[in-house]
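Beneath this line is the structure, given in structure tokens, with notes to follow.
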Amino acid sequence: MKSVIFLLIFCSVIFAQNRTIAPLNPCNDVLYRQLLSVPLDSMSQREYSYFITKHDECSKFQANSVYFSSVQKQQDVKNKVGWLFIGIAIFSIFMGARVVS
């Protein structure tokens with residue numbers, strides 16, 4: 001029983017990490033994509049300001065996408081290591097229970 005409680009606490013500590021969530025890609029905005037094909041001279045003032053805003057957001061997003069991909073890779077490694085430790089803990093609990101019985 002103590003080993004099961006220890007395992008639950010261990011799992012909660014490993015997986016209770018802050019997850020970084022990548023923001024939505026502003027480059028995939030539907031209206032922005034449509035405005036890409038429209039010449040700047042034929043845009044209204046409202047369309048132009050929306051286009052410029054999304055264009056800036058898209059540029060910043062693409063610059064930061066390298067950071068988010070590296071953070072995601074680190075998160076994946078942490079999850080794999082966590083599952084490995086959980087598997088080892090479960091295996092040792094069951095093997096210990098077999099030896100005692």
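No value in this document is a laboratory result; all are computed from the given coordinates. What you see is a predicted model, and the numbers here were worked out from it, not measured in a lab. As a convention, Cβ positions derive from the backbone with ideal geometry for all residues, glycine included, and neighbour counts pool all protein chains shown.
The table below gives the values:
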quantity	calculated
Cβ-defined net charge surrounding Lys54, 13 Å radius [Lys, Arg +1; Asp, Glu -1]	-1
Computed FRET value (nearest 0.05) for Asn79 with Leu24, which takes r as the C-beta separation and R₀ as 30 Å	0.85
